[in-house]
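The values are calculated or read from the model by the stated rules, or taken from the named source; none is laboratory data. None of the values given here were measured: they were computed from a predicted structure. Every residue, glycine among them, receives a Cβ derived from its backbone with ideal geometry; neighbour counts consider all protein chains shown.
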Amino acid sequence: MKFSISLNEFQSVIARALPAIPPKSTLPILEHFHCTVSTGKLTLVATDQELTISASTDINGGDDGSILIPARKLNEIIKALGSEGSIDISVNANFSLSLNTPFGKYSMNGMSADEFPNMPHFPEGVTVNFKQDDIQLIANKTSFAVSKDEYRPAMTGVLFQFRTTEVRTAATDSYRLSRVIIKNDAGDFPADLDLIIPSRTIDLLKKVDSDVMVSVTKTHAQFIFSNATIVTRVIDERFPPYENVIPVDNDKNISINPKDMLSAVKRVSIFTSDTSHQVRLKVENNTLTISGADDDTGSKASETVICDYTGDTFEIGFNYVYIIEALQHLLTDDTQAEVTLSCSTPTRAALIKPTGNDATLLMLVMPVRL
């Protein structure tokens with residue numbers, strides 16, 4: 001096996017496959033890239049047996065063949081060589097690799113490609129097509145809200161609910177929730193399909209550079225786009241009935257500029273307790289007052305922001321981290337003028353969403369006791 005490739009392109013294909021390499025594995029075979037050259041194409045495959053990534057790129061010429069290459073060592077040397085120029089790689093006897101550049105020669109030991117696990121196949125998988133913007137919207141607006149609690153595995157992923165003309169996606173850690181709805185005018189989504197995709201995979205979808213074809217079986221999901229394929233195990237658990245906690249009768253609606261509110265909360269948060277992270281929101285007469293204090297240090301802060309509100313005076317408390325992250329993920333572009341914060345009582349969930357009738361994005365945040 002032999003091939004030549006530009007360092008810049010090699011770095012790109014390595015970066016796409018590397019997230020599936022485990023930090024440390026009891027199976028040394030999994031710490032390697034499965035490297036294949038076939039008919040002018042280089043393909044790297046990496047897996048930790050939960051997540052598998054295949055990344056490809058075109059090359060000029062080369063001798064076909066396959067070998068396992070130590071992934072992290074390859075990544076380190078290719079990054080250290082910079083992005084200018086090219087590199088020649090050849091496989092010698094006993095799976096020894098030679099890496100040659102105009103200014104240096106390097107060698108490392110590989111392994112036989114025959115020992116590498118096979119990628120899962122999808123002979124009868126349900127197939128769904130996503131536009132690039134839609135899959136990136138789902139990935140960017142949901143993954144931040146997943147739970148880190150390994151004892152609640154269902155909540156460590158993002159729920160996809162396909163319903164013919166739309167897909168509803170949701171993530172929650174029980175303190176906050178993010179929901180994204182993507183409409184499908186063609187009406188060719190599955191009629192009743194629910195699956196939970198691990199957040200690790202969702203994070204990878206933020207960087208897709210083309211439309212995505214998704215195939216699903218009972219145990220795996222496959223995402224195919226441009227020059228890469230991601231295969232992941234789905235989370236075989238029951239997602240909590242999140243619809244039940246989304247209030248439909250919140251009667252206190254505060255319309256506000258999200259950038260103004262975000263900036264104010266960030267400044268006030270500096271003066272709050274490191275343990276409670278609590279900020280207090282008080283709204284009256286078209287004015288939202290955001291305040292916080294730390295009794296241990298005696299520090300406190302208060303800011304007012306103009307808003308649109310015509311109800312009775314109302315106070316509610318939140319963990320500022322959840323408010324900041326909700327506002328940050330509601331800001332889709334610089335032209336967004338307003339969001340609406342909807343509340344009912346100081347102990348019931350609050351909703352934050354873009355002002356208007358667009359139901360695409362919805363954030364839910366649980367309050368803290370004042």
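Counting only residues that are assigned by TED's automatic domain parsing to the domain that holds Thr165 and surrounded by 17 or more Cβ atoms within 10 Å (Cβ to Cβ), give me the strands (runs of 3 or more DSSP E) lying completely in segment 180-256 with at least 3 of them. Don't jump to the end; show me each part of the working.
Details: elements: 193-198, 212-216, 220-225, 228-233, 252-256.
By residue number, 193-198, 212-216, 220-225, 228-233.
Given the residues Thr304, Thr313, Thr340, which is the only one that is within 20 Å of Val245 (Cβ to Cβ) and either touching a His at 6+ places or on another chain (Cβ under 8 Å) or modelled with pLDDT of 95 or more (or both)?
Details: Thr304 fails: within 20 Å of Val245 (Cβ to Cβ); Thr313 fails: within 20 Å of Val245 (Cβ to Cβ).
When all the criteria are applied, what remains is Thr340.
Which of the residues spanning segment 69-108 are free of Cβ contacts under 8 Å to residues at least 24 places away in the same chain and exposed (fewer than 14 other Cβ atoms within 10 Å of the Cβ)?
Glu76, Ala80, Asn92, Ala93, Asn94, Ser96, Pro102, Phe103, Gly104, Lys105, Ser107
Of the residues that make up segment 321-335, is at least one surrounded by 16 or more Cβ atoms within 10 Å (Cβ to Cβ), closer than 21 Å to Pro247 by Cβ and touching a His at 6+ places or on another chain (Cβ under 8 Å)?
The answer is no; no qualifying residue exists.
Just checking, how many residues over segment 93-124 are under 20 Å from Ile77 (Cβ atoms) and assigned to a loop (DSSP other than H, G, I, E, B)?
Looking only at that region, the number is 3.
Any idea how many residues of segment 41-65 are among the aliphatic types (A, V, I, L, M), surrounded by fewer than 20 Cβ atoms within 10 Å (Cβ to Cβ) and in a strand (DSSP E or B)?
Step one: of segment 41-65, the residues among the aliphatic types (A, V, I, L, M) are 42, 44-46, 51, 53, 55, 59.
Next cut, surrounded by fewer than 20 Cβ atoms within 10 Å (Cβ to Cβ) only: 51, 59.
Add one more test, that the residue is in a strand (DSSP E or B), and what stays is 51.
The total comes to 1.
Tell me which residues, restricted to segment 273-314, are acidic (Asp, Glu) and either surrounded by fewer than 15 Cβ atoms within 10 Å (Cβ to Cβ) or in contact (Cβ under 8 Å) with a residue 60 or more places away in the chain (or both).
Taking segment 273-314 and keeping what is acidic (Asp, Glu), we get 274, 284, 294-296, 303, 308, 312.
Across segment 273-314, the qualifying residues are Asp274, Glu284, Asp295, Asp296, Asp308, Asp312.
Out of the residues in segment 89-133 meeting the condition of being charged (D, E, K, R) and either outside the structural domain of Glu50 (by TED's automatic domain parsing) or at pLDDT below 95 (or both), tell me which one is nearest to the chain's Cα centre (by Cα).
At the first step, the residues of segment 89-133 found to be charged (D, E, K, R) are 105, 114-115, 124, 131, 133.
From the residues that got through so far, the ones that are either outside the structural domain of Glu50 (by TED's automatic domain parsing) or at pLDDT below 95 (or both) too are 114-115, 124, 131, 133.
Values: Asp114: 33, Glu115: 31, Glu124: 27, Lys131: 16, Asp133: 14 Å.
Ranking the qualifying residues of segment 89-133, first place goes to Asp133.
All but one of (1) surrounded by 17 or more Cβ atoms within 10 Å (Cβ to Cβ); (2) part of a strand (DSSP E or B); (3) in contact (Cβ under 8 Å) with a residue 60 or more places away in the chain hold for Thr127; which doesn't?
(1) is the only condition that Thr127 fails.
Picking from Gln161, Gln136, which residue would you name as being at pLDDT 95 or above, under 26 Å from Leu351 (Cβ atoms), in a helix (DSSP H, G or I) and not assigned by TED's automatic domain parsing to the domain that holds Ile87? Reasoning before the result, please.
Details: Gln161 fails: in a helix (DSSP H, G or I).
From the options Gln161, Gln136, the qualifying one is Gln136.
All but one of (1) under 26 Å from Phe103 (Cα atoms); (2) at pLDDT below 95; (3) not hydroxyl-bearing (Ser, Thr, Tyr) hold for Leu44; which doesn't?
Single failed check for Leu44: (2).
Is one or more of the residues making up segment 51-59 at pLDDT 95 or above, of a type in the set (A, V, I, L, M, F, W, C), over 21 Å from Ala93 (Cα atoms) and touching a Pro at 6+ places or on another chain (Cβ under 7 Å)?
yes
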